[in-house]
């Protein structure tokens, strides 16, 4: 096994009398890419802060290899001590680091270098912190929810940037696709201890379920053993003559073991208050347009939303997703075109900014609307404390101000509020922010069971794949296009995601710049060489894809670098060469395919 760049052993930490970490461990080897997963409140962020040295544990053996650079991305960065954003990012560089990286990363993340930190939104501050963390290209990256407040183009850029870096990485994220694509091993923080599997996040849930099933079986065996021993105490012949001190002591130990066992944290219980059934047509949208300061946000968009539809809306930040939704539900008038809303609509909204939450309001009043001790769901009154427990809140939190809750807890409050309101048209604006994976699973099930209509605005590709049946995507200049299926289906149909690949832009641009006189020339035909290439290139691309997958599979072995660094280097070179060849083949095929389409349409 390779020497650790960073390690934590026997981590113990108690908050307010409750043990949070009880012997947790971490081991980060060179080039390792680890997903750190666990329920909200399990201590993931705290463990990352202990690893970075920002939090001191009650007990820990922390080791950082001399000369190793470690950078930590916090969820709530503080830029107040700096004159501008660039100064903040450059302060994270070490002597000898490339100063240009700071400017480059801010440009890629869409943050102005000369911006005043006091004027930044929460999302912009997070982007600046991400630039500061990545700029030195450190040996170890500790990333706490790096995709929060990023739109899809930025997430796809970040994923490519991290893939190209040699840094070891420890990543906390609710974005399944992001973790699946980046990680090679997984650490599960559960009830204060860590367990690790040398496989990426894609294998985590199956492994976790197997461990929990095994734990349940062991607990059942323990209960049966206690029953047998108690039976001996009451009825055994030896017990009637005299007490066997050893067996009595063993029984006491077994009972203590059962009492000390902490079962898995309970799941959020999601149920939504049903509204009246809406009309069959929820919204008939005909040729709507909207511009602000002569900038087109929506241009001549038409669609029909039927009862029961599940629609995802995606696009870069600033594309106009919120504007489009407001026009769809009748909150904003279009400049032109018409929206005809169906009958009996009852709209409930989950706002990504949690703007509906007053930070000074108590948790109890936030859920009841300040109307006593009960929450009414589907005509049935439930005591607020019972409803709080469904969303993993403790009774003693009832009078806690919403502003003092964690990001994940505030997200659960918003979901609890939205679910309690009668509705048949649910608007979910970035519902995945700050939610743990188990709560996301339940939210997906709730959407599947919901009898009304759902509009989802999200940058989470996996969540969209699991919840929606069609995608409306911003194509720029106010153009919105609808595709059937989830996000992955849309990518297959259009050939790319939210961001258009440069090679496609290049070929399309070259095609559009051809002189008009060319149309008068004799009709073109594909050469034999082109026809042969169209027939053979798909097979060659498939073969290269299989070769790349095979090499990636070998590189995924976390012990390969330690056991055979020369082979690791050879495979890395082979992977780069194979990817280069595949890119060339794809460009060649695309160019010929566009030529074929042009010839057939002329």
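The values are calculated or read from the model by the stated rules, or taken from the named source; none is laboratory data. Just so it is clear, the model here is predicted, and its values are computed rather than measured. Here Cβ is always computed from backbone atoms with ideal geometry, including for glycine, and neighbour counts include all displayed protein chains.
Kindly evaluate residue 364 against the criterion of being at pLDDT below 90 and buried (at least 18 other Cβ atoms within 10 Å of the Cβ). Taking the combined requirement at face value, the residue satisfies it. Within segment 160-174, the set of residues being modelled with pLDDT of 90 or more and under 12 Å from the mean Cα position of the chain (by Cα) comprises 171, 172, 173.
For segment 370-409, the set of residues classified as within 30 Å of residue 283 (Cα to Cα) and not in a loop (DSSP other than H, G, I, E, B) consists of 376, 377, listed by residue number. Filtered by the rule that a residue be within 22 Å of residue 432 (Cβ to Cβ), touching a strand residue (DSSP E or B) at 6+ places or on another chain (Cβ under 6 Å) and not in a helix (DSSP H, G or I), segment 34-64 gives 34, 35, 36, 37, 38, 42, 43.
Looking at segment 4-21, which of its residues are buried (at least 16 other Cβ atoms within 10 Å of the Cβ), under 28 Å from residue 439 (Cα atoms) and modelled with pLDDT of 90 or more? Hits for segment 4-21 are 11, 13, 21. Residue count for segment 145-166 under the criterion of being touching a helix residue (DSSP H, G or I) at 6+ places or on another chain (Cβ under 8 Å), within 26 Å of residue 313 (Cα to Cα) and not in a loop (DSSP other than H, G, I, E, B): the result is 7. Based on what the data block shows, is residue 365 free of Cβ contacts under 8 Å to residues at least 12 places away in the same chain and either under 24 Å from residue 317 (Cβ atoms) or assigned by TED's automatic domain parsing to the domain that holds residue 302 (or both)? Yes.
Out of curiosity, is residue 31 in contact (Cβ under 8 Å) with a residue 12 or more places away in the chain, crowded, with 19+ Cβ neighbours inside 10 Å, in the same structural domain as residue 164 (by TED's automatic domain parsing) and not in a strand (DSSP E or B)? Answer is yes for this residue. Just to be sure, is residue 63 out of contact with any helix residue (DSSP H, G or I) (no Cβ under 8 Å at 6 or more places or on another chain), over 30 Å from residue 397 (Cβ atoms) and touching a residue at least 24 places away in the same chain (Cβ under 8 Å)? Criteria met by residue 63. Restricted to segment 410-453, and to residues there that are in a loop (DSSP other than H, G, I, E, B) and out of contact with any strand residue (DSSP E or B) (no Cβ under 9 Å at 6 or more places or on another chain), the residue that is nearest to residue 281 (Cα to Cα) is 432.
The residues of segment 477-495 that are in contact (Cβ under 8 Å) with a residue 24 or more places away in the chain and out of contact with any strand residue (DSSP E or B) (no Cβ under 8 Å at 6 or more places or on another chain) amount to a single one, 488.
Here residue 322 passes the criteria (1) modelled with pLDDT of 90 or more; (2) outside any loop (DSSP other than H, G, I, E, B); (3) under 23 Å from residue 452 (Cα atoms) except the one numbered (1). Test residue 345 against the stated conditions and say whether it is touching a residue at least 60 places away in the same chain (Cβ under 8 Å) and either at negative phi or assigned to a strand (DSSP E or B) (or both). Yes; evaluated as a whole, the condition is true for this residue. Checked against (1) assigned to a loop (DSSP other than H, G, I, E, B); (2) touching a helix residue (DSSP H, G or I) at 6+ places or on another chain (Cβ under 8 Å); (3) buried (at least 17 other Cβ atoms within 10 Å of the Cβ), residue 333 meets all criteria but (3).
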